[in-house]
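Engineer: Attaching a single structure in structure tokens format; questions to follow.
The values are calculated or read from the model by the stated rules, or taken from the named source; none is laboratory data. All of these numbers come straight from a predicted model, not from anything done at the bench. Neighbour counts run over all protein chains shown; Cβ positions are idealised from the backbone, glycine included.
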Protein chains: 2
Amino acid sequence: MSNAPIDLAEKLSSFTDHWSPKVVARLNDYEIKVVKVQGEFVWHTHDDTDELFLVLDGELTIQLRDGNVALHQGQLFVVPRGVEHCPIAAGEVHAILIEPVGVLNSGGAGGPLTATYDDSLA
Amino acid sequence: MSNAPIDLAEKLSSFTDHWSPKVVARLNDYEIKVVKVQGEFVWHTHDDTDELFLVLDGELTIQLRDGNVALHQGQLFVVPRGVEHCPIAAGEVHAILIEPVGVLNSGGAGGPLTATYDDSLA
């Protein structure tokens, strides 16, 4: 094992693409990812898992069918399994995602923003 | 479900005790906790789970038997299962902990800093 700390800002400075989560650490069978997003994603659902969003910089809105959740720096939200959602951001947002290993970013919705598999910066 | 964002600073401002993690959100069978720590904890091990520390404010050192990991704001470290560790902080530290539901803060080590069960602010 490495005893080096994982610096989130350093990891985020190492890439520029949007909607492409990068794995920075693993916790049992979960992955901790950092991501940069801007614009609107696609409506999708994860039937088998909750998904955590923690905003590190910027303002991220998670659209839900029954209303929007506006997240600023230092705020988090867990989208429960089975709940359709669509993230949207006017400006660039830096965030942490946490979900089980192997979850596709777009659920089963597909589309051009689907990452085939999340890159690792771990 | 509530569509309210969880504000980490607000949750942290709602208590003052040290070494007493507070649950702020649940992700499947994991709990997201905030904690304030200062001073030295006890050496302990979690045999069945990794444990994630993410520092939000201050400087936290995680002592391991093969060296120390110094974590500043925005840095995280995952202590692998089975690895003995002992957090220590000269000043007050605000941090996030993530681990499966039901994990005791001191592993099996016991001692006066063991929280009988983590309080919930969720």
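Engineer: I need the full set of residues from segment B:7-41 which are within 14 Å of the chain's Cα centre (by Cα), in a loop (DSSP other than H, G, I, E, B) and over 18 Å from residue B:77 (Cα atoms), in order please.
Structural biologist: Within segment B:7-41, B:17, B:18, B:20 meet the criteria.
Engineer: Touching a Lys or Arg at 6+ places or on another chain (Cβ under 7 Å), of a type outside the set (Lys, Arg) and surrounded by 15 or more Cβ atoms within 10 Å (Cβ to Cβ): is that true of residue B:87 in this structure?
Structural biologist: When the stated conditions are applied, residue B:87 does not pass them.
Engineer: More than 14 Å from every other protein chain (Cβ to nearest Cβ) and at pLDDT 95 or above, is that true of residue B:14?
Structural biologist: In short, yes.
Engineer: Of the residues that sit in segment B:56-67 and are at the interface with another protein chain (Cβ under 8 Å from one of its Cβ atoms), without any contact (Cβ under 8 Å) to a residue 40 or more places away in the chain and not in a loop (DSSP other than H, G, I, E, B), which one is farthest from residue A:29 (Cα to Cα)? Break it down into steps so the answer makes sense when it comes.
Structural biologist: Kept after step one, since they are at the interface with another protein chain (Cβ under 8 Å from one of its Cβ atoms), are these residues of segment B:56-67: B:56, B:64, B:66-67.
Of the ones still in play, those that are also without any contact (Cβ under 8 Å) to a residue 40 or more places away in the chain are B:64, B:66-67.
Among the residues that remain, those that are also not in a loop (DSSP other than H, G, I, E, B) are: B:64, B:67.
Numbers: B:64: 23, B:67: 25 Å.
Checking each candidate, the answer is B:67.
Engineer: Quickly run through segment A:70-98 and pick out the residues that are facing chain B (nearest Cβ under 7 Å) and more than 18 Å from residue A:40 (Cβ to Cβ).
Structural biologist: Hits for segment A:70-98 are A:74, A:75, A:76, A:78, A:80, A:98.
Engineer: Okay, next question. Could you identify the single residue in B:76, B:104, B:113 that is in a loop (DSSP other than H, G, I, E, B), without any contact (Cβ under 8 Å) to a residue 40 or more places away in the chain and either in contact with a helix residue (DSSP H, G or I) (Cβ under 8 Å, 6 or more places away or on another chain) or not charged (D, E, K, R) (or both)?
Structural biologist: Residue meeting the stated conditions: B:104.
Engineer: Considering B:58, B:91, B:110, which residue is modelled with pLDDT under 95 and not acidic (Asp, Glu)? Please lay out each step first, then the result.
Structural biologist: Details: B:58 fails: modelled with pLDDT under 95; B:91 fails: modelled with pLDDT under 95.
Exactly one residue qualifies, and that residue is B:110.
Engineer: Would you confirm, using the coordinates I've provided, whether residue A:53 is surrounded by fewer than 18 Cβ atoms within 10 Å (Cβ to Cβ) and either assigned to a strand (DSSP E or B) or not acidic (Asp, Glu) (or both)?
Structural biologist: Criteria not met by residue A:53.
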